[in-house]
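These notes concern the structure reproduced below.
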Amino acid sequence: MSTTAELLKGAAELFPDEVVTSAHVRHLDLPFGAGRFALITLDNGFDHTKPTTFGPQSLANLNAAIDQVEQEAIAGSIVGAGITGKPFIFAVGADLKGVELLKKHDEALAIGKGGHDVFKRLSALAVPTFAYYNGAAMGGGVEVGLHCTYRTVSKAIPAFSLPEVFLGLVPGWGGCAILPNLIGAERAISVIIENSLNQNKQLRGKQVFDLGIADALFEGADFLEQSLLWTANVLNGTTEVVRSEIDRGEAWDAAVAKGRFIADSKVHGAAPAAYRALDIIAAAKSGDLQAGFDAEDAALADLIMGGELRSGIYAFNLVQKRAKRPAGAPDKSLARPVTKVGVVGAGLMASQLALLFLRRLEVPVVLTDIDQERVDKGVGYVHAEIQKLLGKGRINQDKANRLTALVTGVLDKAEGFADADFIIEAVFEEMSVKQKVFAEVEAVAPAHAILATNTSSLSVSEMASKLQHPERVVGFHFFNPVAILPLLEIVRGEQTDDASLATAFGVARKLKKTAVLTKDAPAFVVNRILTRFMGEIQNVIDEGTPVVTAEKAIEPLGLPMSPLVLLELVGPAIGLHVSETLNRAFPERFTVSPNLAAVVKAGKRGFYVYDSGKPELDPEVAALLVQGDVVLTEEQVRDRVLDAVAQEIGLMLEEGVVAEAQDIDLCLITGAGWPFHLGGVTPYLDREGVSERVNGKKFLAPGLASVPV
Amino acid sequence: MPRTVRDVVFVDGVRTPFGKAGPKGIYHETRADDLVVKAIRELLRRNPDLDPKKIDEVAIAATTQIGDQGLTLGRTAGILAGLPQSVPGYSIDRMCAGALTAVTAVAGGVAFGAYDVALAGGVEHMGRHPMGEGVDPNPRFVSEKLVDESALFMGMTAENLHDRYPTITKLRADEYAVRSQEKAAKAYADGKIQQDLVPISVRNTNAEVGETGWGLVTTDEPMRPGTTLENLSGLKTPFRTHGRVTAGNAAGLNDGATAAIIASEDFARENNLPVKMRLVSYSFAGVEPEVMGYGPIPATEKALAQAGLTIDDIGLFEVNEAFAVQVLAFLEHYGIADDDARVNQYGGAIAFGHPLASSGVRLMTQLARQFEEQPHVRYGLTTMCVGFGMGATVIWENPNFNAEGDSK
């Protein structure tokens, strides 16, 4: 047994539940008499809903297939060899489940080396090799093709990426070393760094060809046939493959520098993967692939044993899996159909909600408000947004006509809501106002209609308490911008029944939102954590720490924006309002900052001015601030803030605000954009020792978002 | 409004390699619609001067129009092949003469002026859709003796045809079959067939059938080169004890697809498209369903009469070989020798296979190649028998005809 085979055998023993990919070798006669050809098909035996992956046994299978092809190549019985995938899927890379199981640096190193050892044989055969990217190709799937002499790609391919950096890895089976040597550093960095950090952006077939990753592009309908004809022509010498020269001069270094700039702007140095990948790409300038492969092995092993990757995989599983099966949601079969939606209020938020319901549910949506002018403005907003979509080509004229006709506005709730199944209010955030609105709605709406509130901090139970049928009231808390942030906190009031809740979850699914069930607790999940987090920052500022220090203290987390920039986005007035609500609920932990109140009172929209292009403390704000004389270091600030967050989450779990810590993380990722490398936040609090310091225990079981013990 | 009948030409035709139906066949895991889609795409690739937007119709035949052969194939195959949405399409069924009827139907439209150019073809995946799948014959056929009970079983109708032509013995049928295999093998060796084949990628996930994974089909699977009389003599006669029809002297059960471009001659010339054959006449005729193999004779009589030609004017014959006896009955009727060099020069369905509704265009594609090679021939015909007692004949003129040569 070869060393590679032994290495993989050992790795396979660690991962008995691998979904094993076979590497079928089939022979065919190429057209034009070009000769006999061996074609390897990667196939895990399932349909396209279970994409082909590479675990250790899968790599061993490919290794064995290459053994066979290698012999045939030496014997001269084949003129070339190719590799392709099952229908719709080429291969989507390493099996993450296998990566999660790895406990030791050695084991991690073996996975990296195992992949390299197998894949690089494709570049060392006695005959040319061809990869035919027929369908989705990601990570190791892309990389196995990079080791081949030539590549073709299908125009119909929906997804092609090296997403490793997105998860917290580097493309470690040749991606970092080969890709820049194939298409140049700048393009390689756009694929490896920029796309990964840009919500894991996928390439389409034509882009793969235009970037120079593939040598030929064919349509999906007869992709493999045309690829094999092309192969025959390449082998015959009829078709010459010409690749553009790559710039190994200053352009290479400039590209790497640009890559670092992109990484800084996205993760602020807080996650190592992008930087490790850039280091390898920088060194790949020498063209020494083996050195690159060795660097990839080392980076992979380090990252696999690091908390950022484990958090990344955990976060990926949350948004891919847990988001699809919301914890605590009642059985889907209880849900009632929603064939008409009512929106109370026609302000900006209400209009945005109307647009969202309209686009996703495609049912009549009726807006009401207190005067005709507001109603007209709300409907006008939706109509204008529909025209924008039409203008951008996102919808066609027929669809625009349909949507335009579906949205209406009336003053009389009885007229608008008499046959509505789901009515959501987005009126002024004041309990008495909301109670009054719901009472009016209940008087005219059908008995089965769901009454939903988009309140961000008021009690859903209290809002329902004066109704005849409080069991049909649910909280339906969206996050701004409504069209972009996936999170929807669905709040169960004390009296909410299962059918209403199931209907709410059904609507959320159709809205394509990530629904998380929360208890009717003050400010629910995201706002409570963010307010505690911001409140603690505000506290240290109020006590005397300079704004700059407080802000810098948080940078190592790599959050999408600094706390005070976030406050500006939310609006200081809303931030103040939520802090007041929470202060009433939990006065011992939530303070109302006098400085924030002063900023709001002065009518300021934020703490910063951007005259220099960079955020700088607004001198007018600075003049308003009344600070104490306790000046903390960045580290002290960070500890204070993180301790507060850990305490709050611990209390929320005790209160049963959500089912598990995973739901908190899912909320932070999808509602606040907190990064994968933090895993939301509890994996980070666990690995930094904050959880144990504050609560005496970790939030998550070992192995869930960390190296298993 | 004055109207002129326009000349109609066969521009080009291609086909997939034909496969054997059944779990071991090359196309067992391949969809029928994909076969015809790939044929259409190859046709368009070969004729880049044909602007797809100008295609006025797509007529695709299939006998069993359900599943992957259903859903109005002419339309869906057009969309799947990437034709513009503005190009319409429909499905056709005349059993074995499906593709032939697709050609004549669109040719009629071209002659009339309804179309300038159209695609016509057919597909039959007899592995996925065995003959008779889902049929529900009206009981009156039997109760009122409208047709003989053997009419639905093609092998039995072939035995019946042997009865009608007692001089056509099993030996003659077998000898004919051996020659078909020999001619097909020679045509392959001479590269006559491959030039009009579309390679098809095929997947196999069953290790019992052979190597698993993706492969590429570039040749016809049913061919049995080297077949001898001895090989054939011992075969069973499944349709009648002590009968004459065997698997060796009949076409098999097959999978495959064909496609052709039919245009007005003016359109073809204006658009720089090849003109491989010029349509002279076509005709269909009905006969007793229980001797459906007799059908080509009256169909040819009608087509010759329309054209003002006699059988002696025909220099090349492409006769579908559903059964050897059916070809021999045709030849006997016209006093043509069993081994006449004008008949099925490249071999026929006994060797290549006969995926029912696709075969008509195969005959045309082969005749077109023979026209190119033999400019001394002016007229040729394609003919086939059709289930339920029909025959179909199309007479073609060779645009390469050179009057200097022998006028046959």
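For the reader, a short list of remarks on this structure follows.
- Boolean, residue B:99 is at pLDDT 95 or above, surrounded by 23 or more Cβ atoms within 10 Å (Cβ to Cβ), under 16 Å from the mean Cα position of the chain (by Cα) and among the small types (Gly, Ala, Ser): yes
- Helices (runs of 4 or more DSSP H) enclosed by region B:307-408 - at least 3 residues per element that are farther than 20 Å from residue B:278 by Cα: B:324-333, B:349-352
- Residue match in region A:94-105 (condition: buried (at least 24 other Cβ atoms within 10 Å of the Cβ) and either at pLDDT 95 or above or under 30 Å from the mean Cα position of the chain (by Cα) (or both)): yes
Here is a yes/no grid of residues against (1) of a type in the set (Gly, Ala, Ser); (2) touching a strand residue (DSSP E or B) at 6+ places or on another chain (Cβ under 9 Å):
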position: A:579; (1), (2): yes, no
position: A:584; (1), (2): no, no
position: A:589; (1), (2): no, no
position: A:601; (1), (2): no, no
position: A:606; (1), (2): yes, no
position: A:609; (1), (2): no, yes
position: A:612; (1), (2): yes, no
position: A:615; (1), (2): no, yes
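- If the condition is being part of a helix (DSSP H, G or I) and crowded, with 19+ Cβ neighbours inside 10 Å, then region A:73-82 contributes only A:73.
- Close pairs from region B:111-125: first touching a residue at least 60 places away in the same chain (Cβ under 8 Å), partner aromatic (Phe, Trp, Tyr), Cβ under 6 Å, at least 6 apart: B:116/B:267; B:117/B:267
- Of all the residues in region A:619-676, those that are assigned to a helix (DSSP H, G or I) and either at pLDDT 95 or above or outside the structural domain of residue A:546 (by TED's automatic domain parsing) (or both) number 34.
- The residues of region B:367-390 that are touching a residue at least 60 places away in the same chain (Cβ under 8 Å), touching an Asp or Glu at 6+ places or on another chain (Cβ under 9 Å) and more than 12 Å from residue B:322 (Cβ to Cβ), listed by number, are B:367, B:368, B:369, B:371, B:376, B:377, B:378, B:379, B:380, B:381, B:382, B:389.
- Test result for residue B:2, surrounded by fewer than 22 Cβ atoms within 10 Å (Cβ to Cβ) and modelled with pLDDT under 95: yes
- Sole exception among (1) under 26 Å from residue B:391 (Cα atoms); (2) over 20 Å from the mean Cα position of the chain (by Cα); (3) not aliphatic (A, V, I, L, M) for residue B:203, by number: (1)
Per-residue answers, yes or no, for (1) within 14 Å of another protein chain (Cβ to nearest Cβ); (2) in contact with a Lys or Arg (Cβ under 7 Å, 6 or more places away or on another chain):
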residue	(1), (2)
B:146	no, yes
B:158	no, no
B:165	no, no
B:184	no, no
B:189	yes, no
B:211	yes, yes
B:214	yes, yes
B:232	no, no
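- Filter result for residue A:655 (in contact (Cβ under 8 Å) with a residue 12 or more places away in the chain, surrounded by fewer than 24 Cβ atoms within 10 Å (Cβ to Cβ) and within 16 Å of residue A:306 (Cβ to Cβ)): no
Conditions (1) surrounded by fewer than 17 Cβ atoms within 10 Å (Cβ to Cβ); (2) not basic (Lys, Arg), marked per residue:
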residue: A:640; (1), (2): no, no
residue: A:660; (1), (2): yes, yes
residue: A:678; (1), (2): no, yes
residue: A:690; (1), (2): no, yes
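- Failed condition for residue A:282, given (1) free of Cβ contacts under 8 Å to residues at least 24 places away in the same chain; (2) assigned by TED's automatic domain parsing to the domain that holds residue A:111: (1)
- Residue among A:203, A:228 that is within 14 Å of another protein chain (Cβ to nearest Cβ), surrounded by 19 or more Cβ atoms within 10 Å (Cβ to Cβ) and touching a strand residue (DSSP E or B) at 6+ places or on another chain (Cβ under 9 Å): A:228
- Test: residue A:369 is over 33 Å from the mean Cα position of the chain (by Cα) and under 27 Å from residue A:578 (Cα atoms): yes
- In region A:46-61, the residues that are in contact (Cβ under 8 Å) with a residue 60 or more places away in the chain and either within 8 Å of another protein chain (Cβ to nearest Cβ) or more than 18 Å from residue A:96 (Cβ to Cβ) (or both): A:48
- Candidate set: region B:75-91, residues that are without any contact (Cβ under 8 Å) to a residue 40 or more places away in the chain and within 16 Å of residue B:361 (Cβ to Cβ); chosen: the one farthest from the other protein chains (Cβ to nearest Cβ): B:91
- Here residue A:144 clears all of (1) out of contact with any helix residue (DSSP H, G or I) (no Cβ under 7 Å at 6 or more places or on another chain); (2) part of a helix (DSSP H, G or I); (3) touching a residue at least 40 places away in the same chain (Cβ under 8 Å) except the condition numbered (1).
- Top-ranked residue of region A:206-225 - restricted to ones that are within 14 Å of chain B (Cβ to nearest Cβ) and among the small types (Gly, Ala, Ser), ranked as nearest to residue A:88 (Cα to Cα): A:220
- Any hit, region B:137-152, residues being touching a helix residue (DSSP H, G or I) at 6+ places or on another chain (Cβ under 9 Å), modelled with pLDDT of 95 or more and not in a strand (DSSP E or B): no
- Qualifying residue in region A:164-174 (condition: crowded, with 20+ Cβ neighbours inside 10 Å, more than 22 Å from the chain's Cα centre (by Cα) and either farther than 13 Å from residue A:296 by Cβ or not acidic (Asp, Glu) (or both)): yes
- Region A:17-45, residues that are under 36 Å from the mean Cα position of the chain (by Cα) and within 11 Å of chain B (Cβ to nearest Cβ): A:22, A:23, A:24, A:39, A:40, A:41, A:42, A:43, A:45
- Criterion (within 28 Å of residue A:31 (Cβ to Cβ), touching a helix residue (DSSP H, G or I) at 6+ places or on another chain (Cβ under 9 Å) and away from every other protein chain (no Cβ under 14 Å)) met by exactly one of B:12, B:33, B:49: B:12
- Residues in region A:577-615 that are more than 18 Å from residue A:672 (Cα to Cα) and aliphatic (A, V, I, L, M): A:582, A:585, A:592, A:596, A:597, A:598, A:599, A:600, A:602, A:609.
- Some residue of region A:168-176 being modelled with pLDDT of 95 or more, within 14 Å of chain B (Cβ to nearest Cβ) and in a helix (DSSP H, G or I): no
- No other residue among B:113, B:108 is surrounded by fewer than 23 Cβ atoms within 10 Å (Cβ to Cβ), more than 14 Å from chain A (Cβ to nearest Cβ), closer than 20 Å to residue B:368 by Cβ and more than 17 Å from the chain's Cα centre (by Cα) apart from B:108.
The values are calculated or read from the model by the stated rules, or taken from the named source; none is laboratory data. In this text, all values refer to a predicted model and were calculated from it rather than measured experimentally. Using ideal geometry, Cβ is built from the backbone for each residue, glycine included, and neighbour counts are taken over all protein chains shown.
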